Amino acid sequence: MEPIQKLVILGLLKEGPKHGYKIKSEINKISDIFALDNKSIYYPLRIMEKQGLLAKTKDRLGKRPEKYVYRLTPQGERQFQVLLNKSFLSIRRPTFDIDVALFFLPYIKPQAFKHSLSLRERVLKRIEKSMKSMVSASAKKFNARHLAIIQHNLDLIATEIKFLNNLSNILKKA
C-alpha cells in the first residue's frame, strides 16, 4: 500500500469513524484534486486493521444491513502524524512519462515529436482551463486546503507548458 493512500485513509478517519463505502466516496470527491488509486478500499482497510492502525465494529442504521465502521486506534493516530510530517518533508523527484520519451528522443521522427508536443500542450491547456473554471464556478465549495492544492497543480501545469514552449523553440532553431 502506498504511504499516500494510507495517509489519506487515516486522515479521513481522523475526522471521525466511517464505513468503507463512505471512505471510498470521500476519496472519490477529492480525487479531482489529486490522483489517488481508489480501486479497492477494503483491502487497504484490512491491512491497516491488521497493523493495528484501525479498529472496526459492526453498526446497523435502522433496517439496513450491518456495516463495518472503521475508526482510528491510538497507533493509527500516531501513524497519521508520522505520515503527515513525512509528506511535508518528502522531496521525491516526480517522474513524468514525457521524461522517458525525451530519453529516447533520437528514435522519434521529428514531425511525430513536434506533433506530440503540440498535443500535450493542448491537453495541458484544457486541464488548466478546466481547473480554473472549476475554482471560479465553485469557489465557495472549496476551502483553503483545496485551493492550495489546486493552485499547486496550476503552477505545475504552467511550468510544464513553459517547458514545452521552450523545447519547441529549441527544436525550431535546430
Item checked: Qualifying residue in the stretch 149-171 (condition: charged (D, E, K, R), over 23 Å from Ile30 (Cα atoms) and exposed (fewer than 12 other Cβ atoms within 10 Å of the Cβ)) -> yes
Checklist line | Which listed residue is on the phi < 0 side of the Ramachandran plot, out of contact with any helix residue (DSSP H, G or I) (no Cβ under 9 Å at 6 or more places or on another chain) and touching a residue at least 12 places away in the same chain (Cβ under 8 Å), from His115, His19 | finding: His19
Next item on the list: Select, from Leu54, Leu61, Leu72, Leu83, the only residue that is without any contact (Cβ under 8 Å) to a residue 60 or more places away in the chain and either within 15 Å of Val8 (Cα to Cα) or of a type in the set (Lys, Arg) (or both).
Entry: Leu54
Checklist line | Cβ pairs under 7 Å, 6+ apart, first in the stretch 160-174 and more than 16 Å from Glu128 (Cα to Cα), second of a type in the set (A, V, I, L, M, F, W, C) | finding: Leu167/Leu117; Ser168/Leu117
Notebook entry, point to check: Of all residues in the stretch 117-174, which are more than 22 Å from Asp97 (Cβ to Cβ), part of a helix (DSSP H, G or I) and among the basic types (Lys, Arg)?
Noted result: Lys132, Arg145, Lys172, Lys173
Next item on the list: Check whether at least one residue in the stretch 132-143 is polar (S, T, N, Q) and under 19 Å from the mean Cα position of the chain (by Cα), and report yes or no.
Entry: yes
Item checked: Single unsatisfied condition, Asp97 versus (1) at pLDDT below 85; (2) of a type in the set (Asp, Glu); (3) closer than 27 Å to Ile47 by Cβ -> (3)
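The values are calculated or read from the model by the stated rules, or taken from the named source; none is laboratory data. Values in this document were obtained by computation on a predicted structure and should not be read as measured data. As a convention, Cβ positions derive from the backbone with ideal geometry for all residues, glycine included, and neighbour counts pool all protein chains shown.
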